[in-house]
Structures are given as structure tokens and as C-alpha cells.
Amino acid sequence: MACVCGSGKENRETYLQPLREIFSRYSTEQANLIPILQEAQEQYGYLPADILQEIASSMKLSTAKVYGVVTFYTQFHLKPRGKNVIRVCTGTACHVRGGTEVLRAIEQDLGITSGGTTENLQFTLETVACIGACGLAPVIMINDDTYGRLSPDKVAGILAGYRDEDMTPEIESTLKLAN
Ligand code: FES
């Protein structure tokens, strides 16, 4: 959702409305912290600092406690993430078959490094230990789509299919072989 925080009380209330709605469905017991964080992340796309402060204050927890939980679990994100999340496998099978070169080609194409998000919020780039499709190494995932047997020269064409919001990638199955 668009950020409308920080400019007037009315906007602030609009901004916080999704969080209020989440709290209307949960008691403020500490046991509900994780599902509340999950739902807040779903609503806001990530967990902004002011939302974490609101959660802490509503649940009568310290901000440090809430941050402790958020930073413990990899499912939570403190920074905005791209519409498309690219996961590049850096496991052994992918590494020996050129996964590092594929990662470099993606980094070069997007102008970000692993862990980064493009300024237009179209892409977030991450590395993972193993996607579980070692026979297709080197492998990447973009959202729920898997691309195997990649080489650096195939990267630009694959990314192009995700670049334009109006352009739906031509994906007929969740498994794509790049050759
Ligand atoms: S090592 Fe890359 S998919 Fe398993």
C-alpha cells in the first residue's frame, strides 16, 4: 500500500487502519505477536519502524523485544521488498555449474547486489543455500517460478518478462528450463 504516514493526523490514521483492523482480530497477548507481525507485513509489504513501534506499544512490549523477534525470523523484512523476489541458489551443485556467474549477471542487469532491492521496487535479489532442484543446476527462482540450467546470457531475457507491471510473464508452468 502507498505510504501516507507522517503528514497529518488523518493520513496517519489511514496509514494505521490496516494495523487497527489486525488488532481487532487478535488479543494483545504476547503469543499473538508472530501472527500479528505476519499480517502486518502482508498489509504493508514489510515491517516499517513506526509500525513495529505501534505493535510494541499496543501489546505493551518493548520495541527491543519486537525487533528481537523480527530479526530472529528470516520471514520478516525491515526494508521494502520488490514486487518480484529473485532467489539465486548458491549451493554446491549450482556453484560448480556456474551459479556465481549467473548471480553476477543478475546483479549487473539490475544494478543491485545480493540482498538489495531496485529503486523502482520491481526486484529484490537474494541468495539461498539450495532450492532443492540440484539436477537442474544452476537454478534461480523468481517468485514461485523456477528456472534451471541457466547461463549468464539467458538472464536478461528472463528478467525482461518480469520488468513491466503490465507485462505478464509467459509462464505456463512453474518449472522453466532455460534451454
Ligand atoms: S544446490 Fe542449487 S538447487 Fe540444490
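Here, each number is a calculation from the coordinates, and none is a lab measurement. Note that the structure is a prediction, hence the values are computed from the model and not measured. With ideal geometry, Cβ positions are generated from the backbone for all residues, glycine too; neighbour counts draw on all protein chains shown.
Here Tyr46 passes the criteria (1) part of a loop (DSSP other than H, G, I, E, B); (2) more than 24 Å from Asn120 (Cα to Cα) except the one numbered (2).
Scanning segment 133-167 for residues that are of a type in the set (Gly, Ala, Ser) and either in contact with a His (Cβ under 6 Å, 6 or more places away or on another chain) or more than 16 Å from the ligand (Cβ to nearest atom) (or both) returns Ala156, Gly157, Ala160, Gly161.
Close contacts from segment 100-129, counting a first residue that is closer than 10 Å to Ile86 by Cβ and a second that is among the aromatic types (Phe, Trp, Tyr) and not in a strand (DSSP E or B), with Cβ to Cβ under 9 Å and a gap of 6+ residues or different chains, come to Phe123/Tyr162. Checked against (1) over 24 Å from Ala160 (Cα atoms); (2) among the hydrophobic types (A, V, I, L, M, F, W, C); (3) away from the ligand (no atom under 16 Å from the Cβ), Cys130 passes all but condition (3). Going by the structure shown, is Arg104 outside any loop (DSSP other than H, G, I, E, B), of a type in the set (Lys, Arg) and under 22 Å from the mean Cα position of the chain (by Cα)? Yes: the conditions hold for Arg104. Of the listed requirements (1) within 16 Å of the ligand (Cβ to nearest atom); (2) surrounded by 13 or more Cβ atoms within 10 Å (Cβ to Cβ); (3) assigned to a helix (DSSP H, G or I), Glu54 misses just one: (1).
Residues that are out of contact with any strand residue (DSSP E or B) (no Cβ under 7 Å at 6 or more places or on another chain) and more than 10 Å from the ligand (Cβ to nearest atom) within segment 84-106 comprise Gly98, Thr100, Glu101, Arg104, Ala105, listed in sequence order.
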